[in-house]
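Rule-based calculations on the coordinates, nothing more; no lab input. Note that this is a predicted model, so its numbers are computed, not measured. Here the Cβ positions follow ideal geometry from the backbone for every residue, glycine too, while neighbour counts run over all protein chains shown.
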Amino acid sequence: MDKLDGSENVARVLKTAWVYDGEISPSAFSLRPHIRETYISVLRELCDTFSNDLAEVVHRRSPVYYAKMNVGELRNLHVDTIEDDVYFDVKAVDNLKLLSHSGIFVYMNNIPLIGGEPFESFELKRGMPADSTLMTIRETLSEFAKKSIVKWKSEVSNPKPSNS
Amino acid sequence: MNTVSLNHLWSYLQGLSLTANNQRWLSERLIEASTTTKNITPRHGNAYRKQLERLNELASLQENWDDDGALSIEPQVVSNVKDILHICPEPLLSTWVLFPDINGTLLIKFKGLHASISIGVHHYSYSYRKEDEAHRANNCPFEAGSVLNLMNSIVG
C-alpha cells in the first residue's frame, strides 16, 4: 500500500448519527471490532474519481458532510495515552469500486491496531463501556476532524440506483 | 393551588358537617402529608429538555442503525444516563452531547474538549485531558453520583 503525500487531504464521510450540535462523535473513528477493521476508510480529495466515489459511498445524491483532514497534520497528531506511543499513517487501499479509497492506520507502540484487538473483552461485549485508551485515540481524531467540515452536494440531478 | 383555589376549598370545607373531631383528624392528616411529601423539583430547564429529547431519540435506534452492524442501545444504559440527567445541574448539562456507540452503549462527549465518558450497563470508562495531564480509567462501577463528580472534574 502506498503512503500518501503529506500535502494531500483525505475525506472521512460523516454519517448522520455521528454529527450533533456541532460535535463529531468519536465513534466515527472506531476500528470496528465485529469486522476486525484494520484502518479507518477515507477518500483522497485529489483523485479524479473523488466526487463519484463520494456519491457511491453515501448511496444518494443529496448534501452530505465530510471531515477534511490533511495527511501531514494527521501524521503529526499527538495522542496523549500516558504509557503508549500512538501515531497515525495514511495509505492508499485498493478498492475496485472506489479508486480514491484510502485508510487511516493507527499504530500503538509500532504495532498496527485492529478492531477488537487487543481490547477484545471490552469492544466485543454488548453494553460494555469503551476502552479508555481507544477513547483517547478516537477523541484525538474527532477533535482534529472538527476543524474542517465540508458540506458536499452532488451536481448530478438524476439519482443513481443503489446497488445494495 | 393558588389563593383563589384555596379559598374555594376552604368555603367548601366550612360547608361540610364536620364535627370538631373530624376537623382535628383532617388537620392532622394535612400536617402529616406536608411533612412527608418529598419536594422534588422536576427539571424543566432547556438544557435538560434537550438532553432528554436526545436520549429518547437514541433509545429508539434500531439494530444496524449505522448500516454497518451497530447494536441498539441497551435499556439499562438509557436508564443510567437518565439518572445522570436527573442530578446534573442545568449549566453542566449544556457542556456535553450524547452519541450512540456501536456496541449498545452511549458516549458523553464534552464540547470542545478532549474528554468523553462511555456509559455501559454496569460500568463506565472515561478519558480526558486537563492542564496538559491525561486522565483515564476503565470499568468503573456505574453510579450516577460518581459520573457527576467526574463531570465536575472535567469541566470545573
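Observations on the structure shown:
- Within chain B, percent of DSSP bridges classed antiparallel, to nearest 5: 95
- 0 to 90° range, to nearest 10: angle between helix A:132-145 axis and chain A longest Cα axis: 30
- Residue-span extension gain [A:Lys146 to A:Arg126] - 0.36 nm each, minus C-alpha spacing: 4.4 nm
- Modelled spin labels at B:Glu133 and A:Ser7, positioned 7 Å past Cα toward Cβ, are 4.4 nm from each other.
- Label-to-label distance, B:Asn46 versus A:Asp84, with points set 7 angstrom from Cα along the beta-carbon direction: 4.1 nm.
- Rounded to 10°, Cα long-axis angle of helix B:75-87 versus longest principal axis of chain B: 60
- Chain A: relative contact order as a whole-number percent, Cα under 8 Å and 6+ apart: 33
- Stretch gain in nm, segment B:His86-B:Leu26, where the contour uses 0.36 nm per residue and the Cα spacing is subtracted: 18.2 nm
- The modelled label-to-label distance for the pair B:Leu13/B:Glu143, using points 7 Å beyond Cα in the direction of Cβ, is 4.3 nm.
- Only lysine pairs 8 or more places apart or on separate chains count here, and in chain A those with Cα atoms under 25 Å apart total 28.
- Projected onto planes of every orientation and averaged, the convex hull of the alpha-carbon atoms in the protein assembly as shown covers 23.5 nm².
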